[in-house]
Amino acid sequence: MTNWDICYFSDDGRVLTVLDQTQLPMVERYVQLRNSTEVADAIRRLVVRGAPLIGIAAAMGLCVAMVNGESFFEAKRIIGSSRPTAVNLSWALDRMESALKNFGIKSTDTYTSSSDVIIMLQTEALRIKEEDAETCRKIGQFGSRLITDGMGVLTHCNAGHLATGHYGTALAPIYSAAMDGKSFRVFADETRPLLQGARLTAYELTKHNIDTTLICDNMAASLMAAGRINIVFVGCDRVAANGDTANKIGTLGVAVLAKHFGVPFYVCGPLSTFDSHCSTGSDIIIEQRPGEEITTMHYAHPMAPEHVKTFNPAFDVTPHNLITGYITENGIHTTK
Ligand code: MRU
């Protein structure tokens, strides 16, 4: 790869172009979004996904919607209702609203979108994206100190370039350690049911020539038992005030295994993913997704009886006592 920019404005600001992650790894296709409904749909369908990139796309999508004549608050409402768990979505939209208020426009005002308001909002959206890129770089530098030659590193889902403004969160230490010339191996959980590990993490790491081995989600235990996984890095969608962390379904299982086998388990994320309004993980809303993602999607033929009941939460919550530490743009915060 190395088009690191997978979410950008057209020159006239009327179009947001994003890499369509539902088509990866077979097809690298970009899609164009022009209004809040299209942006919300792209987030909901995981065309654009990963907590930080959802926030970036939401802020930029809001600008595009306004350039095309939508009202700020209606577009914010529509985009904001697309997915519930990643706090970066509401965080980015609220930050855009603060920028609007600081510009002298009160939330109760009706106003015609003037070009200086639009330019100010576009600048703010691009600032969110640039800050996230810098955050990725810092997480990478801090996290890479934990990687030494010969290690096996496990990651779950995709918290890489495809999920952020640059190197990713959980994959940032991996990119950074590789750039430092360290020799290690990454194990990528395939991450059922939507296969973000197989389709996205394996795709981006192999493109960057990082030694990557794809495993099914039920194989991590045997690798840990054999001593072949020495550290785990995962991303996060929302971290509660007590450190409980929502991330892709299956993360909790990995954390339990890591605890059992004494493998350090690190959560990597920007401070924008930490939500002081949620006191514990039980306050975090977990998105439920359609059962077809389990029974049919990604199979050539349906792999389950047609009317079987399904349970398909997109995320789970890892309690803070299973987490060795958090890696943010401010450094490594260990819990022990
Ligand atoms: O449903 P997704 O693919 O958006 O879930 C993504 C994750 O769970 C990531 O680990 C998380 O958003 C962090 S991305 C840096």
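The values are calculated or read from the model by the stated rules, or taken from the named source; none is laboratory data. Here the structure is a predicted model, which is why all the values come from computation and not from measurement. Positions of Cβ are backbone-derived with ideal geometry, glycine not excepted, and every protein chain shown enters the neighbour counts. Side chains are part of the model used for accessible areas, which takes the heavy atoms of the whole protein and leaves out ligands, DNA and RNA. Shrake-Rupley method; radii C 1.70, N 1.55, O 1.52, S 1.80 Å.
Being more than 14 Å from residue 122 (Cβ to Cβ) and either open to solvent by 10 Å² or more (accessible area, probe 1.4 Å) or in a helix (DSSP H, G or I) (or both) is the requirement here; does residue 65 meet it?
no
For the range 290-336: of the residues being farther than 27 Å from residue 136 by Cβ and hydrophobic (A, V, I, L, M, F, W, C), which is surrounded by the most Cβ atoms within 10 Å (Cβ to Cβ)?
Filtering the range 290-336 for residues that are farther than 27 Å from residue 136 by Cβ and hydrophobic (A, V, I, L, M, F, W, C), the one surrounded by the most Cβ atoms within 10 Å (Cβ to Cβ) comes out as 294.
Can you pull out the residues in the range 256-289 that are over 22 Å from residue 132 (Cα atoms) and within 13 Å of the ligand (Cβ to nearest atom)?
284, 286, 287, 288, 289
Determine, yes or no, whether residue 249 is away from the ligand (no atom under 16 Å from the Cβ), surrounded by 19 or more Cβ atoms within 10 Å (Cβ to Cβ) and touching a residue at least 40 places away in the same chain (Cβ under 8 Å).
no
Which one is modelled with the lowest pLDDT among residues in the range 83-102 that are away from the ligand (no atom under 16 Å from the Cβ) and open to solvent by less than 10 Å² (accessible area, probe 1.4 Å)?
100
If you go through the range 252-276, how many residues are touching a Cys at 6+ places or on another chain (Cβ under 7 Å) and of a type in the set (Val, Ile, Thr)?
Result for the range 252-276: 2.
Among the listed residues 279, 272, identify the single one that is open to solvent by 50 Å² or more (accessible area, probe 1.4 Å) and either assigned to a strand (DSSP E or B) or of a type in the set (Gly, Ala, Ser) (or both).
Within the list 279, 272, the selection yields 279.
Looking for whichever is more than 19 Å from residue 281 (Cα to Cα), in contact (Cβ under 8 Å) with a residue 24 or more places away in the chain, of a type in the set (A, V, I, L, M) and part of a strand (DSSP E or B) here; the options are 263, 153, 239. Which one fits?
Of 263, 153, 239, the one residue that is more than 19 Å from residue 281 (Cα to Cα), in contact (Cβ under 8 Å) with a residue 24 or more places away in the chain, of a type in the set (A, V, I, L, M) and part of a strand (DSSP E or B) is 153.
Quick check on the range 68-81: of everything there that is open to solvent by less than 10 Å² (accessible area, probe 1.4 Å) and at pLDDT 95 or above, which residue is nearest to the chain's Cα centre (by Cα)?
79
Criterion first (part of a loop (DSSP other than H, G, I, E, B), within 16 Å of the ligand (Cβ to nearest atom) and in contact with a Lys or Arg (Cβ under 9 Å, 6 or more places away or on another chain)) does residue 14 satisfy it?
no
Within the range 291-332, count every residue that is without any contact (Cβ under 8 Å) to a residue 40 or more places away in the chain and more than 30 Å from residue 172 (Cβ to Cβ).
So the answer is 17.
To keep it simple, each residue is scored yes or no on (1) outside any loop (DSSP other than H, G, I, E, B); (2) open to solvent by 20 Å² or more (accessible area, probe 1.4 Å); (3) within 12 Å of the ligand (Cβ to nearest atom); (4) in contact with a strand residue (DSSP E or B) (Cβ under 8 Å, 6 or more places away or on another chain).
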| site | (1), (2), (3), (4) |
| --- | --- |
| 116 | yes, yes, no, no |
| 121 | yes, no, no, no |
| 125 | yes, no, no, no |
| 133 | yes, yes, no, no |
| 143 | yes, no, no, yes |
| 149 | no, yes, no, no |
| 162 | yes, no, yes, yes |
| 170 | no, no, yes, yes |
| 175 | yes, no, no, yes |
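Taking residue 105 and the conditions (1) at pLDDT below 95; (2) under 19 Å from residue 61 (Cα atoms); (3) of a type outside the set (S, T, N, Q), which numbered condition does it fall short on, given that it satisfies the others?
Every listed condition holds for residue 105 apart from (2).
Do we have any residue at all in the range 207-227 that's near the ligand (Cβ under 10 Å from one of its atoms), in contact (Cβ under 8 Å) with a residue 24 or more places away in the chain and crowded, with 18+ Cβ neighbours inside 10 Å?
Checking the range 207-227: not a single residue is near the ligand (Cβ under 10 Å from one of its atoms), in contact (Cβ under 8 Å) with a residue 24 or more places away in the chain and crowded, with 18+ Cβ neighbours inside 10 Å.
Please go through the range 177-205 and pick out each residue that is away from the ligand (no atom under 15 Å from the Cβ), open to solvent by 10 Å² or more (accessible area, probe 1.4 Å) and under 18 Å from residue 232 (Cβ atoms).
178, 182, 184, 185
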